Amino acid sequence: MPAEPEAAHVPTHRPAATGANLLPGASFDPWWWQAAPLEAPDTAPLPRHCDVAIIGAGYTGLSAALTLARAGRSVLVLEADRAGSGASTRNGGMIGSGHRLGFAVLAEQFGKDRAVAILREGQASLDFTVSLIESERIDCQFTRSGRFRAAWRERDYESMGREVDILRRETGLEADMVPRAEQHREVCTDVYRGGTVYHRHGALHPALFHRGLLARVRGAGAQVADHSAVSAIGREKNGSYALVTARGRVAAGTVVVATNGYTGPESPALRRRLVPLSSYLIATEPLPAETVAGLIPKGRMIVETRSRHCYYRPSPDGRHILFGGRAALSAISPEQAAARLRRLMVQVFPSMAETRFTHSWNGRIAFPRDHMPHIGVLDGIYFALGYSGSGVAMAPYLGHKLALKVLGDADGRTAFDDVPFPAIPFHRGRPWFLPALDLVYRIRDRLEGSS
Ligand SMILES: Cc1cc2nc3c(=O)[nH]c(=O)nc-3n(C[C@H](O)[C@H](O)[C@H](O)COP(=O)(O)OP(=O)(O)OC[C@H]3O[C@@H](n4cnc5c(N)ncnc54)[C@H](O)[C@@H]3O)c2cc1C
């Protein structure tokens, strides 16, 4: 796992945080790893040559590997840590339509037709990943739970209403507005001003999904090599690539980068195009099922419109609430993150003031400047990344599309092709500006009344 710009999951400083209400012995590993721990590392010798080397064994890399291996390519997936140690087993397991951008923003940038195509592609990513789960028979507790997007302000509710009207008409989106007076049907709190229910969005167990995908990839004949961090990618005179890894050199005809929020100095051009951020989650101790159902009656996935962007859900067994958010932009300890998230959770559910927590963990997501997913080829290297915190559907989808591009298959085309992907000004790889951005967000949070 690359060590820059901050240790990925282990915080750099750990002052004792008050107010976290963590149980003694609380774990800083993802709650999901209880049912699906990371597998024992595969440290079999690396081949000297392969057709395609894929860097990163999360959803993107594994999905690309599956398509390529089944097309007969020799595939080596190189993972710095252990397969799944990145965001793909750490996330909230909310599966939706792939990206966060609204019609108005997209139409202004790309025009109406392209905006509609991009939004349709988001829905296609959801369809693809659900059908991947079903056709591969991956038991990952997928349910079509629906998602409730809660409006923090009155004007958020109004703009969501306009957006839903357009998307119903243009893309056939299945969504309904829920006014504030009826929101207790979805979530038992008064802090929101109503919201939107997205009926086709769902829930899954992210680590079981990853585990199933990994098994299918190995079953298709690809090698997934753990503890094989790639530190450099060079070009040989014969046109092939030479990868320097922690376990030796490998020659590859094609290189695919699938490192998203963990992209490091081995991919300097991509790194300058992404801002890596941490997202944090906490899990409650076991609660009576009636308590959880009383707070989230239909078992929906809940996300918010406020800048602090909290998201939460019942666990698949309905006995815990998993509550996440952008607790900070710069590194904080799991205890500090738990304290901040708990404060936000109690703001939403005052009845949870005495609830204790068993897990606090985080993972990295990657934001391009335009918050759009990006797929393509840069300096001869294939990449798909930049999911901006919404990759459960999009990462497997774009991994598959990227594999089709490698195979020269016209079905690899996506509405995200040719979207400009400029470097972020003054960004050389280390996101030096995050503390300043953190301050801006804290001020914004205060103005929104959410800190
Ligand atoms: C806390 C959290 C909550 C989230 N919740 C949701 C959600 O509810 N819904 C949703 O849609 N999305 C969510 N996301 C986002 C989603 O998890 C990601 O978009 C998705 O997992 C990205 O998959 P990936 O395969 O591209 O990257 P990752 O799963 O992050 O995998 C990248 C891999 O690359 C490896 N790597 C990096 N550098 C190297 C190197 N040099 N050599 C070899 N390997 C390397 C890393 O070790 C890592 O394993 C969340 C993310 C986080 C962190």
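The values are calculated or read from the model by the stated rules, or taken from the named source; none is laboratory data. Since this is a predicted model, take the numbers as computed values, not measurements. So basically every Cβ, Gly included, is an ideal-geometry build from the backbone, and we count neighbours across all protein chains shown. When the accessible area is computed, the model is the full protein with side chains, heavy atoms only, and any ligands, DNA or RNA have been set aside. Shrake-Rupley method; radii C 1.70, N 1.55, O 1.52, S 1.80 Å.
Annotations
- Of the strands (runs of 3 or more DSSP E) contained entirely in region 1-98, those carrying at least 1 residues that are modelled with pLDDT of 95 or more and open to solvent by 30 Å² or more (accessible area, probe 1.4 Å) fall at 22-27, 49-55.
- Any chance Ile54 is among the β-branched types (Val, Ile, Thr), within 11 Å of the ligand (Cβ to nearest atom) and either over 24 Å from Phe416 (Cα atoms) or touching a residue at least 60 places away in the same chain (Cβ under 8 Å) (or both): yes
- Matching strands (runs of 3 or more DSSP E) fully within region 236-344 where at least 1 residues are within 14 Å of the ligand (Cβ to nearest atom), surrounded by fewer than 20 Cβ atoms within 10 Å (Cβ to Cβ) and small (Gly, Ala, Ser): 248-257
- Tabulated pairs, region 340-353, first in contact (Cβ under 8 Å) with a residue 60 or more places away in the chain, second aromatic (Phe, Trp, Tyr) and open to solvent by 60 Å² or more (accessible area, probe 1.4 Å), C-beta under 7 angstrom, 6+ apart or interchain: none
- Scanning region 347-396 for residues that are aromatic (Phe, Trp, Tyr) and either part of a strand (DSSP E or B) or in contact with a Cys (Cβ under 8 Å, 6 or more places away or on another chain) (or both) returns Phe349, Phe357, Trp361, Phe367, Tyr382, Phe383.
- Across region 119-158, the number of residues qualifying as more than 21 Å from Val178 (Cβ to Cβ), open to solvent by 60 Å² or more (accessible area, probe 1.4 Å) and not in a helix (DSSP H, G or I) comes to 3.
- Qualifying residue in region 408-417 (condition: of a type in the set (A, V, I, L, M, F, W, C), assigned to a loop (DSSP other than H, G, I, E, B) and within 16 Å of the ligand (Cβ to nearest atom)): yes
- Residue satisfying condition, being crowded, with 19+ Cβ neighbours inside 10 Å and within 15 Å of the ligand (Cβ to nearest atom), within set His359, His371: His359
- Screening region 311-333 for residues that are of a type outside the set (A, V, I, L, M) and at pLDDT below 95 and picking the one that is nearest to Pro431 (Cα to Cα) gives Ser330.
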